[in-house]
1. Of all residues in segment 183-217, which are assigned to a loop (DSSP other than H, G, I, E, B), surrounded by 15 or more Cβ atoms within 10 Å (Cβ to Cβ) and modelled with pLDDT of 90 or more?
2. Output the residues belonging to segment 218-233 that are in contact (Cβ under 8 Å) with a residue 24 or more places away in the chain and surrounded by 12 or more Cβ atoms within 10 Å (Cβ to Cβ).
3. Return the total of residues in segment 97-139 being free of Cβ contacts under 8 Å to residues at least 12 places away in the same chain and either surrounded by 14 or more Cβ atoms within 10 Å (Cβ to Cβ) or in contact with a helix residue (DSSP H, G or I) (Cβ under 8 Å, 6 or more places away or on another chain) (or both).
């Protein structure tokens with residue numbers, strides 16, 4: 001399971017616990033869940049921020065709600081730091097269900113986050129604290145960009161001649177065999193179903209790629225195409241006159 005889905009699952013479990021229990025104060029929530037915060041941050045790694053906000057009382061200062069934070073470098077915040085824009089919504093109706101999982105967040109420097117928030121309540125049903133998990137997606141996005149740069153361009157067709165196609169092997173025999181296999185595959189039908197023109201097309205492709213210059217290549221090609229060496233040379237001559 002990936003970091004994102006693991007954090008969403010963890011947040012859902014916390015939401016279940018919060019829904020079944022009430023708390024006297026935000027300090028009680030802190031006492032119970034600060035060890036959980038440390039465990040989550042340590043297990044998930046430095047790209048996952050875990051935050052506990054104090055939302056207790058009638059006059060909450062949203063500029064100073066953070067009671068505890070792990071991996072605060074993700075958003076640049078620390079203890080005593082501010083809430084987010086969601087804190088304003090919570091304060092409008094502290095009785096409503098504000099739990100949310102896997103939603104999008106954005107840092108001040110433009111990085112994308114995947115966030116989940118769980119809210120804890122007192123006996124009156126008012127929200128008094130929030131437990132938030134924020135996953136910085138930039139390392140994942142950087143890795144994806146690197147993979148996309150290494151992989152062939154999307155939509156490139158098999159047999160596309162617009163760029164080189166490199167074949168690797170432990171020796172030249174295996175390299176040549178790989179080239180023959182690729183040329184046959186480009187025809188799009190099994191050798192047993194190939195016409196004479198199809199087999200000439202295989203020779204033409206291999207000749208264009210230099211495979212026919214390899215030692216004993218014609219014998220290897222003839223064997224793979226199920227034709228004689230003499231026929232293979234004849235097909236090659238015909239391919240070169242096209």
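The values are calculated or read from the model by the stated rules, or taken from the named source; none is laboratory data. If you're wondering where the values come from, they're calculated on a predicted model, not measured in any experiment. A quick note on method: Cβ atoms are made from the backbone with ideal geometry, for glycine too, and the neighbour counts reach across all protein chains shown.
1. Step one: filter segment 183-217 for residues assigned to a loop (DSSP other than H, G, I, E, B), giving 188-190, 194-195, 209-210, 214-216.
Retained after the next criterion (residues that are surrounded by 15 or more Cβ atoms within 10 Å (Cβ to Cβ)): 194, 209, 214.
194 - this is the single residue of segment 183-217 that is assigned to a loop (DSSP other than H, G, I, E, B), surrounded by 15 or more Cβ atoms within 10 Å (Cβ to Cβ) and modelled with pLDDT of 90 or more.
2. Residues of segment 218-233 that are in contact (Cβ under 8 Å) with a residue 24 or more places away in the chain, as a first pass: 220-221, 224-227, 232.
Within segment 218-233, 220, 221, 224, 225, 227, 232 meet the criteria.
3. 0
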